[in-house]
Amino acid sequence: MTTPQRRIGSGFGARSSVDDVLSGIDLSGRTAIVTGGYSGLGLEATRALVGAGARVVVPARRRSVAEEALGGIDGVETDDLDLSDLESVRGFAERFLASGRAVDIMINNAGIMACPETRVGPGWEAQFATNHLGHFALVNRLWPAIARGGGRVVAVSSGAHGITGVRWDDVQFEGGYDRWQAYGQAKAANVLFAVRLDVLGRGAGVRAFAVHPGSILTPLQRHLAKADMVGAGWIDEAGNLTDPTFKTPGQGAATEVWAAVSPQLVGMGGVYCEDCDVAEPAVEGVEGGVHAHATDVGEAARLWALSAELTGVDAFAAVAG
């Protein structure tokens, strides 16, 4: 059954923190994987999940940096993973599967934003490859452990998913690169991934969600010039935050953690969430909400097929519908 894209009245909101959404929740004995779980929102999510009793695995492209950032936090382990390299994805998945553990919570948190034109692998555009294809391959390779856990998969998207849907005539931007169009496509792909995975995985008890964390100053903005952020009204010349709608990292991580663990979402899935609730459909001229091109089940199935073709990985190859 498809979950309606409408608010459920969670009682939480834009200013709710990870501590708020985890109040009274015991994750003892649960295992979580958080990509990018050593920086920005990922670090906040990791700390919160560990604080609630979970064991958290943080695969990282810069493992030494991850270990330093996570130092002193019990209940965390690191491993090597470069989402832009499918062999690295395979290696991490094989090592995790060999441990025999189930995955109860999977948060696809890592990502890049508005980077200069970069090609990875066989010439793929880096934002689509890293933000979407790497996570697609990772979840499919880890599927035996995810299915065993019967838990949740959370894809961290963005309000930027509204910039564009999947550009079927030029997914890899071979006809000319635009960093924001590329970011928007990758973030729309994150939502479509959750829509399709929820359909495919619910028979195993696995549900998938996409989330918009809100606007937060984190290392995600590393490819933006200071002048860009001043011009956008985010910060002043001294680097001080000036936009009152921006969240703290703890507030920004709250929606992904809520989607990953909240009992309010039992029996639900395949929806886009923001401000710790299920989002409403986007309305032109109104901030927030999810755009129809990102929740279209046909588009989601088409993207899944393309992603399986590009990566050579599909845990549901024999599943129809």
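Couple of notes before you dig in:
- Selection over segment 250-271 of residues that are of a type outside the set (S, T, N, Q), outside any loop (DSSP other than H, G, I, E, B), within 15 Å of the chain's Cα centre (by Cα) and closer than 15 Å to Ile107 by Cβ gives a count of 8.
- Considering residues of segment 68-87 that are in a helix (DSSP H, G or I) and without any contact (Cβ under 8 Å) to a residue 12 or more places away in the chain only, the residue farthest from Gly121 (Cα to Cα): Glu68
- Of the residues examined, Val120 is not one that is of a type in the set (A, V, I, L, M) and in contact with a Pro (Cβ under 7 Å, 6 or more places away or on another chain).
- Residue in segment 116-125 that is aliphatic (A, V, I, L, M) and buried (at least 22 other Cβ atoms within 10 Å of the Cβ) present: no
- Asp20 meets each of the listed conditions (1) in a loop (DSSP other than H, G, I, E, B); (2) charged (D, E, K, R); (3) over 26 Å from Leu97 (Cβ atoms) apart from (1).
- Counting only residues that are surrounded by 14 or more Cβ atoms within 10 Å (Cβ to Cβ), in contact with a strand residue (DSSP E or B) (Cβ under 9 Å, 6 or more places away or on another chain) and under 29 Å from Gly289 (Cα atoms), segment 1-42 holds 16 of them.
- Residue within segment 273-289 that is part of a helix (DSSP H, G or I), crowded, with 20+ Cβ neighbours inside 10 Å and at pLDDT 95 or above present: no
- For segment 203-216, the criterion of being at pLDDT 70 or above, part of a helix (DSSP H, G or I) and not acidic (Asp, Glu) is met by at least one residue.
- On the stretch given as segment 56-76, residues that are buried (at least 20 other Cβ atoms within 10 Å of the Cβ) and not aliphatic (A, V, I, L, M) total 1.
The values are calculated or read from the model by the stated rules, or taken from the named source; none is laboratory data. No experiment lies behind these values; they were computed from the predicted model shown. No Cβ is skipped: glycine too gets one built from the backbone with ideal geometry, and neighbour counts run over all protein chains shown.
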